[in-house]
Amino acid sequence: MAEKKAVDEYTIEDLPGVGDATAEKLREAGYDNIMALAVASPKDLSDVTGIGEGAAAKIIASARKYADVGNFETGEEILQRRKEVKKLSTGSKALDDLLGGGLETQALTEFYGEFGSGKTQIMHQLAVFATMPVDKGGFDSDVLILDTENTFRPERIVQMANYRGVDPDETLRRIHVARAYNSHHQILLAEKASDQTKEFNARLLIVDSLTSHFRSEYMGRGSLAERQQLLNRHMHDLLKFGTLNNAVVAVTNQVSARPDVFFGDPTSPIGGNIVGHTATFRIYLRKSKAGKRIARLMDSPHLPEGEAVIQISEDGVADIQGS
Ligand code: GTP
Ligand code: MG
């Protein structure tokens, strides 16, 4: 092989041992380029393509020879990327301030809280804001939503867009929603999210809810390890999307207040340490009186803990009137 060619000048058929039939299986499973193969694990590749694990390992080994797998970056390069971090407004100044100016790109922000605490409303509002012009706190971009609970409501987008004075039809055209029917489907959709950005520029990826499928499918202590492993991989896929596309990743999570559980903290988020460690920012939402919600910043790399009070109404998320 000529060492000088860039990895994207090769196709997967250039790999020794990959004929047309194998290439088709790989493509069907989403491994359509050398880089994707180079970072795959033999077991995963074998599981999703039906190719034997030994053959999968050989394909991966040759893909690694072609690919430029992983680089060390200088601190200067990382600083340069950090300088590109943008902030997305939530529509509430109090909440934006709590977050140091809004939700950051290249990071994963988790909103957790009990049912009706406003997580889904905030996701709708973020979707509207991402489509809005930059001078209004938006990204002028498209939005990807993974809807796991069938709670996306275009009618709410229309109400929120009208309140913000932007064209509701245009806003809806820029919001792309995929229903995820189970946790595997959810994982696949997240892996595919980057493909979508070839067709349009999406600077916001929403997963509402991150954990509901995992929680209902993996019950009991026996399956906890597997659940956590899958969640971990899924969250890293999401974070990778945020880094590669300079996008905000916003996810929702429930708390473990279950009537059948009499021990533990009823306000602790699902997913344990895996979710806690991967989320860059964690916000705990509590219900208060008359449509008010209290948002508490629980975890952040460089911001103080604190609280903001927001109002949820037909118009969406806003500051408390008169505050
Ligand atoms: P789960 O997904 O069940 O865990 O809850 P969630 O945190 O996603 O709650 P969600 O964001 O769906 O909040 C629902 C609440 O938002 C409702 O109980 C209402 O209080 C409020 N809400 C939603 N739509 C409207 C609206 O059009 N007008 C008003 N005034 N409030 C609304
Ligand atoms: Mg919800």
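Key figures for this structure:
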{"read-out": "Contour excess over end-to-end distance, with Cα ends at E314 and Y181 and 0.36 nm allotted per residue", "value": "45.0 nm"}
{"read-out": "Residue-averaged 222 nm ellipticity for the chain, from DSSP H runs of 4+ at -39500 (n - 2.57), nearest 500", "value": "-11500 deg cm²/dmol"}
{"read-out": "32 Å tail of the calculated P(r), the chain, as % of Cα pairs", "value": "34 percent"}
{"read-out": "Cβ crowding within 10 Å averaged over residues, with 203-214, 36-47, 237-248 ranked highest first", "value": "203-214, 237-248, 36-47"}
{"read-out": "Efficiency of FRET between E149 and R27 - r from beta-carbon atoms, R0 41 angstrom, step 0.05", "value": "0.85"}
{"read-out": "Given K192/K292; K87/K198; K83/K287, the pairs whose alpha carbons are separated by over 28 Å", "value": "K192/K292; K83/K287"}
{"read-out": "Residues of type lysines that K289 reaches as a straight line, Cα spacing below 22 Å, ignoring anything fewer than 8 places off in the same chain", "value": "K93, K119"}
{"read-out": "Long-range amide H partners of V248 with built H, under 5 Å", "value": "Q106, L204, L205"}
{"read-out": "Carbon/sulfur fraction of accessible area - the chain, other protein chains in place, 1.4 Å, %", "value": "52 percent"}
{"read-out": "Furthest towards positive pole of dipole, L244, S92, V166, structure part the chain, Cβ charges", "value": "S92"}
{"read-out": "Cα-centre dipole for the chain with unit charges at Cβ (Lys and Arg positive, Asp and Glu negative), debye to 20", "value": "800 debye"}
{"read-out": "Unit charges at the beta carbon, dipole of the chain: most positive-side option, T267, G118, G19", "value": "T267"}
{"read-out": "Antiparallel bridges, percent of DSSP beta bridges restricted to region 82-319 (to nearest 5)", "value": "40 percent"}
{"read-out": "Listed residues V143, V128, V158, most fluctuating in the chain (Gaussian network, C-alpha, under 10 Å)", "value": "V158"}
{"read-out": "Accessible area in square angstrom per residue, the chain, 1.4 angstrom probe", "value": "50 Å²"}
{"read-out": "Table column - 3J(HN,Hα) (Hz), region 97-102, Karplus curve with 6.51, -1.76, 1.60, x for Gly and Pro", "value": "4, 4, 8, x, x, x"}
{"read-out": "Unit charges on C-beta of K, R, D, E only; dipole of region 7-67, Debye", "value": "280 debye"}
{"read-out": "Check: region 156-227 dipole with +1 on Lys, Arg Cβ and -1 on Asp, Glu Cβ, in debye", "value": "180 debye"}
{"read-out": "Acute angle (nearest 10 degrees) that the helix 154-164 long axis makes with the longest principal axis of the chain, alpha-carbon atoms", "value": "60 degrees"}
{"read-out": "Relative packing of peptides 112-123, 145-156 - highest average C-beta neighbours within 10 Å first", "value": "112-123, 145-156"}
{"read-out": "Ranked by how many other beta carbons lie within 10 Å on average, peptides 161-172, 77-88 from highest", "value": "161-172, 77-88"}
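The values are calculated or read from the model by the stated rules, or taken from the named source; none is laboratory data. The structure displayed is predicted, hence computed values, not measured ones. As a convention, Cβ positions derive from the backbone with ideal geometry for all residues, glycine included, and neighbour counts pool all protein chains shown. Note: accessible area is taken over every heavy atom of the protein model, side chains too, but ligands, DNA and RNA are not part of it. Shrake-Rupley method; radii C 1.70, N 1.55, O 1.52, S 1.80 Å.
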